[in-house]
Amino acid sequence: MGGAARLPRPFFFWSARVYVCAMASAAKIHRPDVAVAGGGPVGLTLALALARRGYETVVADAGTPPDKGGAEQAKADSRAFFIAYGCWRIFRALGLEEALLAGAEPVTQIEAEGRIGGINFIAEDCAEPVLGYMVEAGLLASVLHAAAAAEARVTLLSRARIDHVALGDPCAVLKLTGAEVHAPLVIGCDGARSIVRRAAGLRFEGHDYDATAISTTVKLSKPHNGAARQVFLPNGPMAVLPLKDDRANLIWTEKAAVAGALLALDDRGFELELAKKAGDFLPDAKLAGARHSFPVGLYIAERFDAQRAALAGDSAHVIHPLGGQGLNLGLKDVAALVDVIATAGRAGLDIGAASALEPYTRWRRADVAATAAAMEGFARVFSAPLPVRLAAGLALSAAGSVREARKLFAKEAGGDLGELPSLMAR
Amino acid sequence: MLLPDRINSINQRAIGHELHGGASLTSHPRRTTCVSKPEPVARRNKRSYPMGKTLVRDETIPEAPSVDPAEIDKFRTMAADWWSPTGKFAPLHKFNPARLTFIRDTAVAHFGLDAESRRPLEGLRLLDAGCGGGLVTEPMARLGAHAVGVDAGDKNIKAAMVHADQVQVDVDYRVGAVEGLIASGEPKFDIVLALEVVEHVSDPAQFLGDCAGLLAPGGLMVMATLNRTPKAFALAVVGAEHVLRWLPVGTHEWSKFVTPDEARIALTGAGLAVQAPVGVSFSPFTGKWTLGRDASVNYMIVATRPKN
């Protein structure tokens, strides 16, 4: 039953559009204030944050919720996210900190090193107790799903593939299997191959590296002491990020061909290769989870907003996994977007209008581009011929010996620089 | 009631409306629509003036015009111009959130409304005098007000109507002048807005008096304009029109700017209690408009009509 059908206007006042909507109402039509495409960490966090500001949201997600057969899936998911302390404040503001702390591992120092030279900064440098937390994908998903289920203003449609997105006046229309969502604004949190971005006609500019990242969980032979470590190997960086029980999330970037071979190896073979490549850095590490792989690239959408649409997370930008900034950028998008929407809504503006959303791109795109460029720079410099690598390593060491520079690095990695949205306020 | 002898059938219709609270906006008979207005209204309009009399715009009683379906595309283009954040009204869009939020917050405080509500102005009658393309009227309607937008420009109102229809917001738009509303016996308003319009009228004191005259007891009036200072000449006329080209040359005539004192005298004379002016200034560094004490260029004045 569509709201349009209830308009007490004579039928000849109905525009063709309204009439068609009313006729096609066999599918259930949801009419929230905001439609969110994609129920990953970015989409669910956004829906929760908007709900707390009084906005009804509907999240359309193709996946299965973790409490309905998704739990096994989540266990098999060995991905983990670094949540910088600035972004952790978002979860604190949403009341999720306690639930997440049950399985999150604090990161108290970050090391980045080449074969010679590197930089090391600790939480003290930015006067925070921790630089961030490592959270496993399964835990984050179950906490966010539980919070969404408990929030009256969030409706999560699971197993709902988005077949079509139409952006127009007076509202954006998402066509799902068996349902439709009509909302003045749709936010694409639907990943690198975003259907919302495509509907908005926004270009995704960038390039792939000849590299693949392999993500897995390893059991360490000695305590990690809360250190997130990155080492620049000739074929690409490797990151070892601390998890509970002296496990670590390993992100190993390799040339695509080599990565393919590594993925084909059995567990023992993979461990041997790991010892050969990074034995001094990661002695006697044992595999403790499944291996995932994803291509490494650098892509940024030309704008993060369009009439009736906005992009957040991977739909707006894909960056090098080095530094663990991917989800952090997405969470910063969420916090900024919530402020932009709330400001427009308080003023009575159409929250889906280009004029209301324009500040969002201005706010976020420069930050994303800068982070992407920094990660790209690191990755390139440290895969360059030896003299360049040496020079870069020494330059980093020099920077690391200056306290103010370390502080800046720590704050940048912590997502605590620039104009902070209210969800990330200190 | 003012000038009861001039009330004609149109006004009876207006007075007859269920204007406060209860009436659902969608069922409001004045709901803007792209479809031509039914014939009778136009005929009544003609009949209310003697044949052959030349109509002076100021004497016309504001009415919602009809938009000829053949012209919808033209007005849609005009509406797109008005509402484009990068088009010729870009400065207004930059300016808009600050003043809209100010009006909302002032109204919430004045009437003791729910600050957290998505539609805090529900049930209040609001007049936007000189509404242009409806950049303020439409948001006010979205905040729940029964918003009436009046502008002398027929094209402005048509563009505003087309836009309101496009985004499905109920706004009561009319072409005409404020004194026409008084003459037609329009019921009083809880909120009267006169934003960036005083500097364009021929007799600002008279205009402000007319706006004040439409304010109900206990009502709230917000006026915004440019101050007649050398700084305003440098920034608003030379800077915005000749240097930055934000506005077409000739948009503003400095000699017609109104000082806060002149505004205060006009509003006090009309029986309102006038508050100190609030400055609105632009920071070239952040590109944002903020409210403050510096009323030397753009400023707003809040005035209220005592309850009895």
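Brief remarks on what is shown
So that you can scan it fast, the table gives a plain yes or no per residue for (1) in contact with an Asp or Glu (Cβ under 8 Å, 6 or more places away or on another chain); (2) charged (D, E, K, R); (3) farther than 29 Å from residue A:53 by Cα:
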| site | (1), (2), (3) |
| --- | --- |
| A:151 | no, yes, no |
| A:181 | no, no, no |
| A:207 | no, no, yes |
| A:227 | yes, no, yes |
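- Residues of segment A:243-257 satisfying the condition of being buried (at least 23 other Cβ atoms within 10 Å of the Cβ) and more than 21 Å from residue A:276 (Cα to Cα): A:243
- Residues of segment B:238-288 satisfying the condition of being part of a loop (DSSP other than H, G, I, E, B) and crowded, with 16+ Cβ neighbours inside 10 Å: B:246, B:247, B:252, B:257, B:258, B:259, B:270, B:272, B:277
- Extreme residue, surrounded by the fewest Cβ atoms within 10 Å (Cβ to Cβ), among residues of segment A:158-209 that are within 14 Å of another protein chain (Cβ to nearest Cβ), part of a strand (DSSP E or B) and not β-branched (Val, Ile, Thr): A:182
- Being on the phi < 0 side of the Ramachandran plot and within 18 Å of the chain's Cα centre (by Cα) holds for only one residue in A:357, A:349, A:322, and it is A:322.
- Condition met for residue A:351 (within 14 Å of another protein chain (Cβ to nearest Cβ) and either assigned to a loop (DSSP other than H, G, I, E, B) or farther than 30 Å from residue B:121 by Cβ (or both)): yes
- Condition broken by residue B:228, with the remaining ones in (1) part of a loop (DSSP other than H, G, I, E, B); (2) loosely packed, with under 15 Cβ neighbours inside 10 Å; (3) at pLDDT 85 or above satisfied: (2)
- Single residue of segment B:131-156 satisfying the filter (under 11 Å from the mean Cα position of the chain (by Cα) and in contact (Cβ under 8 Å) with a residue 60 or more places away in the chain) that is surrounded by the fewest Cβ atoms within 10 Å (Cβ to Cβ): B:152
- Residue match in segment A:16-25 (condition: crowded, with 16+ Cβ neighbours inside 10 Å, within 12 Å of another protein chain (Cβ to nearest Cβ) and modelled with pLDDT of 95 or more): no
- Filtering segment B:80-106 to residues that are more than 11 Å from chain A (Cβ to nearest Cβ) and either within 18 Å of the chain's Cα centre (by Cα) or not in a helix (DSSP H, G or I) (or both) leaves B:88, B:91, B:95, B:106.
- Condition broken by residue A:332, with the remaining ones in (1) open to solvent by less than 30 Å² (accessible area, probe 1.4 Å); (2) within 14 Å of another protein chain (Cβ to nearest Cβ) satisfied: (2)
- Residue A:368 being within 30 Å of residue A:254 (Cα to Cα) and either charged (D, E, K, R) or touching a residue at least 60 places away in the same chain (Cβ under 8 Å) (or both): yes
- All positions within segment B:127-162 that are in a helix (DSSP H, G or I) and facing another protein chain (nearest Cβ under 9 Å): B:138, B:139, B:140, B:141, B:142
- Any hit, segment A:360-383, residues being within 14 Å of another protein chain (Cβ to nearest Cβ), part of a helix (DSSP H, G or I) and open to solvent by less than 30 Å² (accessible area, probe 1.4 Å): yes
- The residues listed here are A:391, A:356; of these, the one that is away from every other protein chain (no Cβ under 14 Å) and in a helix (DSSP H, G or I) is A:391.
- Checked against (1) within 15 Å of the chain's Cα centre (by Cα); (2) under 30 Å from residue A:307 (Cα atoms), residue B:169 passes all but a single condition, namely (1).
The values are calculated or read from the model by the stated rules, or taken from the named source; none is laboratory data. Worth saying up front: this structure is predicted, and the values here are computed from it rather than measured. Because the Cβ atoms are built from the backbone with ideal geometry, glycine has one as well, and the counts that use them run over all protein chains shown. Accessible surface areas use protein heavy atoms only, side chains included; no ligands, DNA or RNA. Shrake-Rupley method; radii C 1.70, N 1.55, O 1.52, S 1.80 Å.
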